[in-house]
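Below is one structure; the comments refer to it alone.
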Amino acid sequence: MDFSPSTPNNLMEVHSSLSGAKWISQPSDFRDDVVRRQAMRLQETRGLHPAICLYLARKGVFLDELDTYLEPKLKKLLPEPFLFKGMEEATQRLVRAIEQQEKIGIFGDYDVDGACSAALFHKVLTFLGCNVDIHIPDRFKEGYGPNINALQNLKNNDASLILTLDCGTAAHEPLKAASDGGLDVIVIDHHLAGPSLPNATAVVNPNRLDDESGFGFLCAAGVCFITCVALLRALRQSGYTELPDLLSFLDLVGLATLCDVVPIEGLNRAFIRQGLIVMRNRRNIGLATLADVAGLDKVISEYECGFILGPRINAAGRMGKSDIGVKLLLEPDHEISVSLALKLNELNKERQSVEQEITVHAIQQAEAQLEKNPELLVLVIADKSYNEGVLGIVAGKIKEMFARPVFVLGISPDNIAKGSGRSIPSIALGSLVLAARQTGILLTGGGHDMAAGASLHTDKLKAFRLFLEQKISANIFTLPQREFEVTSTISVAGCTFDLVKNIEMCGPFGSGQPEPKLLLTHISVSQINWVGPTQSHFTALLDDGTSKPLKSIMFNVAGTKIGNALKSINELGPLKVLGKLKRNEWRGGKSVQFLIDDIARQFD
C-alpha cells in the first residue's frame, strides 16, 4: 500500500453522500509524514495490514505502545481506588458491615449497568458472608432512582446499610429521609452530579464535581468493581484470607461497559477485553443460558453483547419486569436459568413490537415539526400512547434519522411527561438536562453527554423545547453535517479473513473508539433484497471486478433518506461504499461480509 496521504484523501473525500453525510479521512493529532512513517514501521516490524497500520498510527498508537494497546491489562490500567472521592468512607462502612455481618440492601437501576452492578456486589458480599437483599425498581410504578418506600421496605427487612448502584446521585429527598430514619446509604454511581450531593454515608462517583480521579468515563459497574478492589484490599489488611476472585466477575463489568455506551478507552477497553474472555468461558450460568436461548452459536463479541444479550436483559426493565435480569445473572441452577432466559426472550420480542409502533408514530411527529421549522436544533416529541420503557431506543433511532438531539416522552394520566433523550457528539445532553432541572423546568433529570432522562409537567414542554434550543444555539448556529471518518480505501479482493483478524485485534470498539471504516470504490451492485421482519434491512452483492462479489448488508434504512435512494440504486451508476468488514458465521458458514455505513455516487 502507498502510505502517502494525497492519493487516498482524494478518493475518500465526499461532501454529501446519499444519506447527506460528509466523508473525511480519519483525523489525527500527528502530521501526515509522522503518520506515514509510523504506519510503515508497524507494517515492517509486525506485519499488520496496511489499512490497520494507518488506523493505529493516526490514533497515535506507535510501535512502542502497540502491545499495550492490543492487549490492555487491568494490572496496568486499574487506578488507585482511593483517588476516588468518597472511597475511604465507603470502604470503611462496608468493612464494618462485613465484620458485624449486617444485612445489606442493594437498590439498583433497571438497565444492564444497574443489573450487572447489583449482581457484582451481591456475589462479592454473599461470598463474604453477608445477607443481601436486592431491590430493582419498577420503572412504571417507581421511576428511576431510589424512592422512600423502597428504602423503607429494605430497612423493614432488616437492612442496616443500603447501596444505591447506578443511581442515587440526584436522590436528595429519598436519601435524606433514609438518613433521618437511621439508615446508612452508600451511593455508587457515574451519572453527572450537580453542585450539591445527597445526604449519604459516602458518594463514590467519578462525575461528582470535586472528584479529580479522571475516571468519569466509567459505567457504574466499573465504579463498583474499583470499589470492590478497595474493599478486598481493606479486608486483606484486616486479616481476611478467604476473599472472592474479582476477575471471575469481569463478564458482568464488560457487558455493562459495552451496553451503557460509555467511551471505550483506557480501563474500559481492558474491562471489555477481559470480560469477554470470562464470558466465553461460560462461568455465569445465567449469561450462558441467555446466549443459548438467543441462538448464539458463535464466539461472543462486542456485537453480541450490545445487540443480543444486553437488549434482552434491558427488556425486563423496559416491560415492567425489572428484577428478572439480575435474577438471571445470579441464578446458579440451569433449569431455573432457562426459564428466566426464555421469559427475557419473550419480553424482548414484546419490546421490539411496541418499539416499532412508537417509532413509526414518533417519526411522523418529527417530520411534522421539521416541516414547520427545518432549522430546529432539537426535537422534543411527546404522546400519551407511548410506553416509557422503550423511549430511549426510539429516541436513538430518531436521532440517527434526523441527525440532531431528540427527546421522546410518554405522557401519564396525571399530565407528567417522562422519557429519554439521545444526542449527537457536539452537544452534551446531560449537562443541558441538569441545567433545565436547576432552573425549575424539569421535575427530574440527569444523564451523560450522549443520553439523558427527564420528567416534567406537560405545561412545561414548550419551555423545555425553548430552553434546549436557546442553550444549543448559544454554542452552534447550525447542526453539524454528519461525518464519517474513513480509514482507508480497499478493493473487494482485499476484504479477507486476515484483514478481519487484524481489525478484531484492535478492538473492543464502541463509543469514542470507532471501528476502522473501509471504502470500496467503483462498485456495482446485484442481488438486491430488503430483509428482516419489517423489510427494513438492505442487502446486496458488491462488485469492483477484482474478485468475486462481496456480500453486504445495511441495517434499518427503510424509510430513511438513504433508504429511499437505495430503492433505485442501479440507476445511480458506479458507487463508493463505506463500511466495516466483519466475519460472517451464519448457520455454520465462514465468510466475510461488508456492513454498510453509507453510500455515495462515485463521481459526485
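The values are calculated or read from the model by the stated rules, or taken from the named source; none is laboratory data. Keep in mind it's a predicted model, so treat the numbers as computed, not measured. Using ideal geometry, Cβ is built from the backbone for each residue, glycine included, and neighbour counts are taken over all protein chains shown.
Whenever a residue of the stretch 182-193 is assigned by TED's automatic domain parsing to the domain that holds Phe107 and within 14 Å of Gly453 (Cβ to Cβ), its partners that are of a type in the set (Asp, Glu) and surrounded by 24 or more Cβ atoms within 10 Å (Cβ to Cβ), lying with C-beta atoms within less than 7 angstrom and at least six residues away or across chains, give the pairs Asp189/Asp166.
Taken over the stretch 506-559, residues that are buried (at least 16 other Cβ atoms within 10 Å of the Cβ), among the aliphatic types (A, V, I, L, M) and in contact with a helix residue (DSSP H, G or I) (Cβ under 7 Å, 6 or more places away or on another chain) amount to 7. Asp297 falls short of the stated requirement of being among the acidic types (Asp, Glu) and free of Cβ contacts under 8 Å to residues at least 60 places away in the same chain.
The residues listed here are Glu375, Glu388; of these, the one that is acidic (Asp, Glu), farther than 20 Å from Ile472 by Cβ and at pLDDT below 95 is Glu388. For first residues located in the stretch 26-37 and free of Cβ contacts under 8 Å to residues at least 60 places away in the same chain and assigned to a loop (DSSP other than H, G, I, E, B), partners that are loosely packed, with under 15 Cβ neighbours inside 10 Å and not charged (D, E, K, R) and lie 6+ apart or on another chain with Cβ distances below 8 Å form the pairs Ser28/Gly60; Asp29/Gly60; Phe30/Gly60.
Can you say whether Phe107 is surrounded by fewer than 21 Cβ atoms within 10 Å (Cβ to Cβ), among the aromatic types (Phe, Trp, Tyr) and modelled with pLDDT of 95 or more, as far as the supplied structure shows? Steps first, answer last, please.
On the way: surrounded by fewer than 21 Cβ atoms within 10 Å (Cβ to Cβ): no; among the aromatic types (Phe, Trp, Tyr): yes; modelled with pLDDT of 95 or more: yes.
So Phe107 fails the test.
The set of residues in the stretch 539-583 being assigned to a loop (DSSP other than H, G, I, E, B) and among the small types (Gly, Ala, Ser) consists of Gly545, Ser547, Ala558, Gly559, Ser568, Gly573. Can you say whether Ser353 is surrounded by fewer than 20 Cβ atoms within 10 Å (Cβ to Cβ), in a helix (DSSP H, G or I) and hydroxyl-bearing (Ser, Thr, Tyr), as far as the supplied structure shows? Yes, satisfied.
Within the stretch 547-570, residues that are on the phi > 0 side of the Ramachandran plot reach partners that are part of a loop (DSSP other than H, G, I, E, B) and at pLDDT below 95 with beta carbons closer than 9 Å, at six or more positions or on different chains, in the pairs Asn556/Gly532; Asn556/Ser536; Gly559/Ser536.
Of the helices (runs of 4 or more DSSP H) lying entirely inside the stretch 208-322, those carrying at least 3 residues that are at pLDDT 95 or above and over 20 Å from the mean Cα position of the chain (by Cα) are 220-237, 285-293.
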